[in-house]
Amino acid sequence: MKQVTLKIKPERRLSHINREIYGHFSEHLGRCIYNGLYVGEHSPIPNRNGVRTDIIEALRRIRIPVLRWPGGCFADEYHWKDGIGEKSLRKKMVNTNWGGVTEDNSFGTHEFMNLCEELGCEPYIAGNVGSGTVRELAEWVEYMTFDGESPMADLRRKNGREQPWKLKYLGIGNENWGCGGNMRPEYYSDLYKQYQTFCKNYSGNTLYKVACGPSGEDYNWMRVLLENVKPWHTNAVSLHYYTVPTGDWSHKGAATVFSDDEYYSTISGTLFMDEILTKHTAIMDELDPGNKIGLIVDEWGCWYDVEEGTHPGFLYQQNTMRDAIVAAINLNLFNAHSRRVVMANIAQTVNVLQAIILTEGERMLLTPTYHVFDLFKEHQDAECMESELNGFDRSGTPMISCSVSEKDGALLITVSNADLTEEAELTVDLGGFPAAQAEGMMLTAPDPRAFNSFDEPERVKPVPCSAVLSGGTAAIRLPACSVVSLRLRRS
């Protein structure tokens, strides 16, 4: 058994962990919205205003802080006026990015904003820059947030919503280096400044504006953007990075059938997020030394080949214990980088990519990734503590990932062991923190390929685990391929 040590420095608070780091993303893609979140008001499946009740309850359980919508690539072909008013009269469109299917726009602005109110989370709107207009986006903001008399506010009232909604997060474009217009950073920077100028703050609502940032390690995009877009133009810059096990987008590998070598390449690819965040942060520190512009990782997660027999444009994939390890590593990294990282949104919420929830007809299941969000939820709005980890590597790839935070007088330690064969004994030097109670939960499986199916929906789920408190330390066992959450309370 490997011996692993973690030394906590309770007096050293590194940064605040924004609750929005534990955010989610829902796009009009495959079965994320339709036959996923949204089944319609007349469905026999229990629902509230057309949204599945079981999904609402599951998202509340993990305290979903923010939900991004309507895309993704779909955002830059979405025209919001097609998705308001009487549903039978709404315009249909072709979803050209995702399968060429017909989008009937039955889930639009009212349905999304009302869902966020139901969940108690912040809405994060991705605006159309690629095929839209400045006026179109400006009027959408007015429609949602203005409480006076105006054409857009009156139209909202006509459609059944008297009071405006509160909208904090507004993304101005999505992947404008790719599906959002194939733009150069110089061109997008000017376009961004034009669009954001006309997105106004109405009726006490203050927009938090997000500029489209780079894909992965495109450091030139970040540099050019921040040389042209200043803190008085934007509040944050987005970043997208997906873990592709093979590194080959034409053959990404399967979600449930993979070799041990492919498993470890997945872990290595996920850990590359640390380098990406470090280098982008360095550019931001140079060009924004006052730390006024946040970094939002609003698309992240594993991307595999679709499940056999499913629509290739729907991006449906299963979710295994491997994905749970990936989620834990990423969330620990976001905590560690929370001085700059102010939000993150896993792709995606239901039935798409590294989904936290899968549905099939009336049935619904929680994936291993969902359970990681449940284990980590106490990090939301906590203070990240400095800690020193002595773990172990496999072929140069670190196997142990962790983060430590404090909130309401309690410590939360989240740790993952990515090794497939080695157990570890973790000894935590509490640095003088007077822990009197320890509550542990563990997520693990004998095989990293284990997943929850509709026939076995609880094959992978958290179970209680124990820690030993003694002489200012806490000791806990980390099985191979496991995620552990340890909460320590004072006497």
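Quick notes
- By the count of other C-beta atoms within 10 Å, a proxy for reagent exposure, Met152, Met222 are ordered fewest to most as Met152, Met222.
- With N counted as the residues of the stretch 69-135, its alpha-carbon radius of gyration over 2.2 N^0.38 Å works out to 1.12.
- Rounded to 10°, Cα long-axis angle of helix 134-145 versus longest principal axis of the chain: 70
- Between 0 and 90°, nearest 10: helix 321-336 axis offset from the chain longest Cα axis: 80
- Under the Karplus curve 6.51 cos²θ - 1.76 cosθ + 1.60, θ = phi - 60°, whole-Hz ³J(HN,Hα) for the stretch 400-413, x wherever Gly or Pro sits: 10, 10, 7, 8, 9, 9, 10, 8, 6, x, 10, 9, 10, 10
- At a Cβ-Cβ separation cutoff of 4.7 angstrom, cysteine residues of the chain with no neighbouring cysteine are Cys32, Cys116, Cys121, Cys199, Cys212, Cys302, Cys384, Cys402, Cys465, Cys481.
- Estimated dipole of the chain in Debye, rounded to 20 [Cβ of Lys and Arg +1, of Asp and Glu -1, Cα centre]: 1160
- Eligible aspartates and glutamates near Lys87 by straight Cα distance, threshold 17 Å, same-chain separation 8 or greater: Glu41, Glu103, Asp104, Glu111
- If you bin all the Cα-Cα distances of the stretch 227-348 at 5 Å, starting from zero, the percentages per bin are 2, 10, 20, 20, 16, 12, 9, 7, 3, 1, 0.
- Per-residue [θ]222 nm for the chain (sum of -39500 (n - 2.57) over DSSP H runs n ≥ 4, rounded to 500): -7500 deg cm²/dmol
- For the chain, the orientation-averaged shadow of the C-alpha convex hull comes to 22.4 nm² (one quarter of the hull surface).
- Counting neighbouring beta carbons within 10 Å and listing from fewest to most, the residues Glu378, Glu388, Glu103, Glu262 come out as Glu388, Glu262, Glu378, Glu103.
- Neighbour counts of other Cβ atoms within 10 Å put Arg12, Arg339 in the fewest-to-most order Arg12, Arg339.
- Cross-link table Lys92/Lys193; Lys9/Lys292; Lys168/Lys252; Lys92/Lys158, entries beyond 29 Å C-alpha to C-alpha: Lys92/Lys193; Lys168/Lys252
Where a number appears in this text, it was derived from the coordinates with a stated rule and is not lab data. Computed from a predicted structure; not experimentally measured. Don't worry about glycine lacking a Cβ; one is built from the backbone with ideal geometry, like all the others, and counts go over all protein chains shown.
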